[in-house]
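Readers should treat all values here as calculations from the given coordinates under stated rules, not as data from a laboratory. Quick caveat, the model's predicted, so the values are computed rather than measured. Cβ placement follows ideal geometry from the backbone for every residue including glycine, while neighbour counts extend to all protein chains displayed.
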Amino acid sequence: MTRGGGRRPERGNIRAAGKGVATWRDFAAVLELWSWSCGLSSDGTMALAPPLDHLPLARDGQRPGLGATLENPWSEMAPAVVLVSAVLEASAADIGWLAWLDGSEPTVVRREALSPVEPTLIAEFPEPPEHPMVIHGGARHDAWGLWCQGRGIRSCVVVPILARGKIIGTLGLASSSAGSVDHEDARQLELVSSSAVHARTYQARLAGQRRLFQEVSRTLENALALDRAIRQPPTYQEIARSISHAIDSTFCLIAIRDSEGALTLRATAGHRPPRRSGVTSWPLTKLPGCAQALRERRAIVLTFSHHDLPHAPERRALFGPTTRVGLILPFFAGPRTQGVLIVGEERRTRCQPVSPERVAILELVASRIAHILRISRRLEYERLGERRRQRQLAAERQRLAREVHDGVGQALTAVLVQVRNAMNEGNAAREDLQVLERTATRALDGARALAYGIRHLERGMSALEEARSFAETMLRSVHCRLSWTEERNDLKIASRVLREIAQVIKESITNVARHARATSVRVRVEYPDGRIRVTIRDDGVGFSLHEAGLTSDGLGLVGSAERLARVGGTLDVRSARNGGGTLVLIEARRR
């Protein structure tokens, strides 16, 4: 009987409500489409989905389909949904399901929105039958019969899903009309049940591949990004910490082979890295697994038990007594840089046999370590070469500056001394000698400026470095020693702040060179609490702040204070005419 009370369609000519006429031969084509949609070939192995024009034809010459459900073989639906939809399409049932015994949510598909069987009730299944079961009306009073009665199901077929001789789930069809399904449906579902196992296997493999892909992507792009390594090469410890966090292992180690054939531990990281007894280097002859990995250039997987500790040299040296699985992955960053990435796992839930895919991904991670080490070494070579070039340029600039200072500067100084002596002795008109004095002074200042400029031909010198070089040049010309101390600082400082502070330092050094008659000057640069502080102290004769006139531009103090005020800074000058020298305190915010 059909749902409307008429006769059930003949075998092989089953009417799917609202879908026309379908046959189990058509279902075979639909099942093949499902296999393509989930990436399985006829033997259960992975296959590529074909183009639509390559799909098999049904009896009427049309492509098999489930309406919007299977029109696209690349549909984002889960393979289980596609399978149940295909089963339902080739039957006269209202609802189909696929359920597993592991507690996961069952897959339930309903044909018609107006079906009296509610999909949400297709749950809490009884124990799977050992053989295919067909239920009609209230003919059965066992667990499945009562289950059907409680849900308004008049006709039902249930097939157990077997894997390696064990029941792992059920595949079924149900209808609110009696006689809609029978033993022929049960036989067909029994044939389809093996495909459900393939689908589950495929989904598990796909989920595992996605996890591995996400893991390696996170590791390579976040932990071991090449662009970051180019900007700032990481240390061994930073690499180990990044890898351990990305692959979520119990611990990981990085060890490098030295020129004497020993393996030296460079970094450890992870949730529980093994504790060391002070030994961080071992001969490779005592580590056969590491030696084999480096010799054969392939990963070595070690599986430990509680009984092999006395006979496992790698376990004693590199792993721990509770380590269950260890992987030794070699990497080669050049003929002189070889090492191993060692990954250890103690958690039982993550100690299943290591898959080839995971080993391949970890080998890719190890090769990325080699890439980063090669980049770091190349950058270090370039930095060393650049430092050598800068030293050569600095030496040449110093030589030219000395020639200018010793040649032109000394000659002009001698002229200036003679002019002043003549003025003091009255041997020439004072006005003429004053003109000569001013001319010689300007020439001497020009020689000093030229010497300073030669020393700073390079580009990119920071404002503080320029101020320091200016101080060295100016104070050397008056035979005054300079002691410059600067704290190491990796914090960013606004370029405008640095420029203004550098100008004030130059002005202060100029005052020392012209007026202080000092023998030594000490400059200290500090970075306390988000600020930059510069202290300039000399042992000169000092001066009276009142006489210098803070209300005028005496000694450039007012201009310096105004410069610092523009960047939120302050200038504090302490001095007196008692030979105690002068203290200049410059302070401003870093940003």
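Distance between the pseudo-spin-label points of GLN392 and GLU465 (7 Å out from Cα toward the beta carbon): 1.8 nm.
Under 5 Å from the amide H of GLY169 lie the amide H atoms of LEU101, ILE161, each residue being 5 or more positions distant or on a separate chain, with H modelled from the backbone and absent for Pro and chain starts.
Quick one: order LYS286, LYS166 by neighbouring beta-carbon count within 10 Å, fewest to most.
LYS166, LYS286
What the phi angles of segment 251-263 give under the Karplus curve with 6.51, -1.76 and 1.60, with θ = phi - 60°, is a coupling list of 7, 9, 10, 10, 10, 10, 7, 9, 5, 8, x, 10, 9 Hz, glycine and proline written as x.
Taking packing as the residue-averaged number of other Cβ atoms within 10 angstrom, the listed peptides 570-576, 125-131, 187-193 run from highest to lowest as 187-193, 570-576, 125-131.
At a Förster radius of 56 Å, what calculated FRET efficiency corresponds to the Cβ-Cβ distance of THR570 and HIS271, to the nearest 0.05? For R0 = 56 Å, the calculated efficiency reads 0.65. The 3J(HN,Hα) values that the Karplus relation (6.51, -1.76, 1.60; θ = phi - 60°) gives for segment 148-158 are, in residue order, 5, 4, x, 10, x, 8, 9, 8, 8, 10, 10 Hz. Gly and Pro appear as x.
Between the C-alpha center of segment 109-168 and that of segment 560-591 there is a gap of 90 Å. Taking 0.36 nm per residue of sequence separation and removing the Cα-Cα distance, the ARG577/ALA429 pair yields an extension gain of 49.8 nm. Take each peptide in 197-210, 172-185, 508-521, 577-590, count the other Cβ atoms within 10 Å of every residue, and average; sorted highest first, the result is 172-185, 508-521, 577-590, 197-210. Karplus-based coupling profile of segment 118-123, in residue order and whole Hz: 7, x, 5, 7, 7, 6, with θ = phi - 60° in 6.51 cos²θ - 1.76 cosθ + 1.60 and x standing for Gly or Pro.
Would you mind calculating the gained length between SER305 and ARG378 on full extension (0.36 nm times residue separation, minus the Cα-Cα distance), in nm to one decimal?
Details: separation 73, 0.36 × 73 = 26.28 nm, distance 4.29 nm.
Length difference between fully extended and current span is 22.0 nm.
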